[in-house]
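Participant: There's a structure below that I have some questions on.
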Amino acid sequence: MTTARRTFHSLRYRNYRLFFGGQIVSQTGSWMQRIALGWYVLQLTHSPFDVGVMAFAQFMPYMAFGLFAGVLTDRLDARRTVIATQVAQLVFASALAWIALGGFAEPWMLYLIAFLNGTVLVLDVPSRQQLTYRMVGREDLPNAIALNSTLFNASRIFGPAVAGVILVAGAGICFLVNSISFLAVLVGLLAMRVSEFFPLEEFERPRILAGTREGLAWVRRQPRMLVLLALTFVLSTFAFNFNVTLPVLAKVTLHGHSYVYGLLSAVCGAGALVGALGAASLGRASTKVLLVGGVVFTGGELLLAPIHSAYLAGVLLFLIGAGFTAWSANSNASLQLAAPDHLRGRVIGLYFYAFNGTGAIAGIMTGWLCDVGGTELAFAFSGILGLVATVGAALTLGWTPRLVPRRRATEPRHA
C-alpha cells in the first residue's frame, strides 16, 4: 500500500466520509469562534486575566462532570448523542452571534454561554470518538483518529486566518458563521447508514458510579496507560493553554492587530496538520513518535518564551503544533486500542478528563502568569514543566533515544 493510500485509508468507509466532510466545515467554524471569543473578551475587558476567566468557564464542566462522561458514552447511542450535542452547539453559537451583533454583550454573558457549551462538549467529545470506532472498526482506528486530528488541524489554518480578517468587522460575524457550519455535520450524521456500523461486543450498560469505578479500577491495573494518562494530565494542564496565551502574545507582547493573532493561530494549525498527517501515514500508534512529539511541543514553548518577533514566533508555533499532534494523536490511539469494547467509552472519557479536566484551573493560572510576567513567563513555565514530564514518561516507559547504532549480534561485548 502506498503512503498516500495508507494515510487516507479510513475514507473508504461511506459513513466516515460523511462524517469527515461535515467536520471539515463545522470545525472551521468552531475555530473561527474559538479565535473570536478570546479576542472579544480581551477587547471588552483589556485584561489577560479575564481571558483566563473565559478559559475557566469553558473547561469548568470538564472538571465537574468529565469523569462520568465515559460511562454515559457507554450507555448511550453514539450517533444520536452526537446529533443532540451538535444541535446544542448550534444554539449556543447563535446566542453568541445575537448578543455580539446586537451590541449588548457583557463578559458574564460570554462566560455563561462558554460554560453551557463546555457542558455539552463533555459528552460530545467521547461520543464522537466512540462513533469513529463504530464507523471504521479496530483495524483502521489509529488511521481514523489521526485523520480526525488532520481535519481538526486543517481547520486551524483556514478558520483562524479568516477569523483574523473578519474580526476587524466584529466577532459576531465569526459566531454567526460557526452557527451555520453545524448544519453540514448534522446533514452528514443524518445521512449515515446505521447498518454499516461495526458492531460492539454485547455488554450490560453500566451504572454511573459503578461504571466509573470499574473504569478507574481497570486503568489502575495498566501501568503503561497510567503513564500516558499522567503525561496527558501534565501537558494539557501546563502546556496546552493557547486559548489564553496566543491572543495575549499577539495583542500585548507583539503589539499586533487581530490579523496577527489569526495568522499566528493559523501557522500553529499548519504545523499541527503536518504532525497529524505524519501520524495518519504510520497507520499504527507509536510510543516513539508520541514521546518525540511531546519533546518538540514543550521544547518549542520554552524557546518561544523570550521571542518578540512575529516571524520567529510563527516558526516556533509551527513546530509546536506539529509536536502537539504527534503526541496527542498517538496518545489517544494507544489508549483506545488497549481498551476492551465494554470499557472503551470510559477509557476515552478518562483520557479527555485528563486532557480537559484541569482546563478551568489551567486557564486561570495561565491568565495570572500572563498578567504577572507576560507570555514570556507563561511559555517558560509551560515549557520547563512539559519537558520534565515528557522525559520522565520516556524513562518510566523504558524508552530512550539510541545515540549509537544498535550492536550486531556477532560483535564482541566489551567489559
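Participant: Multiply the residue gap between LYS288 and ARG17 by 0.36 nm, knock off their C-alpha separation, and tell me the result in nm, one decimal place.
Facilitator: 94.6 nm
Participant: Please give the contour-minus-distance gain from ILE361 to ARG80: 0.36 nm per residue of separation, less the Cα-Cα distance, rounded to one decimal in nm. Walk me through the numbers before you get to the answer.
Facilitator: Values: separation 281, 0.36 × 281 = 101.16 nm, distance 3.15 nm.
Full-extension gain reported as 98.0 nm.
Participant: Please give the FRET efficiency for THR396 paired with ARG221, using the beta carbon to beta carbon distance and R0 = 22 Å, rounded to the nearest 0.05. Before the final figure, lay out the partial values.
Facilitator: On the way: r = 16 Å, r/R0 = 0.74.
For R0 = 22 Å, the calculated efficiency reads 0.85.
Participant: Given a Förster radius of 41 Å and the C-beta distance between LEU377 and SER281 as r, what FRET efficiency does 1/(1 + (r/R0)^6) yield to the nearest 0.05?
Facilitator: Taking R0 as 41 Å, the efficiency between LEU377 and SER281 is 0.65.
Participant: Need one word for the stretch 181-280: rounded, prolate or oblate. Basis is the Cα gyration tensor (sqrt eigenvalues a ≥ b ≥ c); a/c below 1.5 gives rounded, then a/b vs b/c decides.
Facilitator: Since a/c reaches 1.5 but b/c is at least a/b, the shape of the stretch 181-280 is classed as oblate.
Participant: Sticking with this one: Could the peptides 215-223, 122-130 be put in order, highest first, of the mean number of other beta-carbon atoms found within 10 Å of their residues? Intermediate results must be reported in sequence, preceding the final value.
Facilitator: Details: 215-223: 14.4, 122-130: 24.4.
Per-residue Cβ counts within 10 Å, averaged per peptide and sorted highest first, yield 122-130, 215-223.
Participant: Accessible area, 1.4 Å probe, largest first: how do TRP31, TRP39, TRP108 sort?
Facilitator: On the way: TRP31 35, TRP39 10, TRP108 155 Å².
The residues order as TRP108, TRP31, TRP39, largest area first.
Participant: Can I ask one more? Label LEU44 and LEU209 with points 7 Å out from Cα along Cα→Cβ: what is the distance between them in nm?
Facilitator: It works out to 3.8 nm between the two label points.
Participant: Now, a different point. Can you check how the C-alpha radius of gyration of the chain compares to 2.2 N^0.38 Å, as a plain ratio? Intermediate results must be reported in sequence, preceding the final value.
Facilitator: Working: Rg = 20.9 Å, N = 415, 2.2 N^0.38 = 21.7 Å.
Dividing the Cα Rg of the chain by 2.2 N^0.38 Å gives 0.96.
Participant: Using a Gaussian network for the chain with springs between C-alpha atoms less than 10 Å apart, which of these wobbles most: LEU264, LEU231, LEU190?
Facilitator: LEU190
Participant: Sticking with this one: Order 293-305, 381-393 from most to least packed using the mean count of other Cβ atoms within 10 Å.
Facilitator: Values: 293-305: 23.5, 381-393: 20.0.
Most protected by this proxy first, the peptides run 293-305, 381-393.
Participant: Divide by every residue of the chain the summed helix terms, -39500 (n - 2.57) for each DSSP H run of at least 4, and state the resulting mean residue ellipticity at 222 nm, rounded to the nearest 500 deg cm²/dmol. Display every interim value, and only then the final one.
Facilitator: Working: 15 runs with 324 residues, N = 415.
Helix-only estimate at 222 nm: -27000 deg cm²/dmol.
Participant: Also, quick follow-up: Run the accessible area of the chain with a 1.4 Å probe and give the carbon-and-sulfur part as a rounded percent. Mind showing how you got there, number by number?
Facilitator: On the way: 11800 of 17670 Å².
Reported share for carbon and sulfur atoms: 67 percent.
Participant: Heavy-atom accessible area per residue, the chain, 1.4 Å probe: how many Å²? If you can, show how the numbers build up before the last one.
Facilitator: On the way: 17670 Å² over 415 residues.
I get 43 Å² per residue for the chain.
The values are calculated or read from the model by the stated rules, or taken from the named source; none is laboratory data. Given the structure is predicted, the values throughout are model-derived calculations rather than measurements. A quick note on method: Cβ atoms are made from the backbone with ideal geometry, for glycine too, and the neighbour counts reach across all protein chains shown. Only protein heavy atoms, including side chains, enter the accessible area calculation; ligands, DNA and RNA are left aside. Shrake-Rupley method; radii C 1.70, N 1.55, O 1.52, S 1.80 Å.
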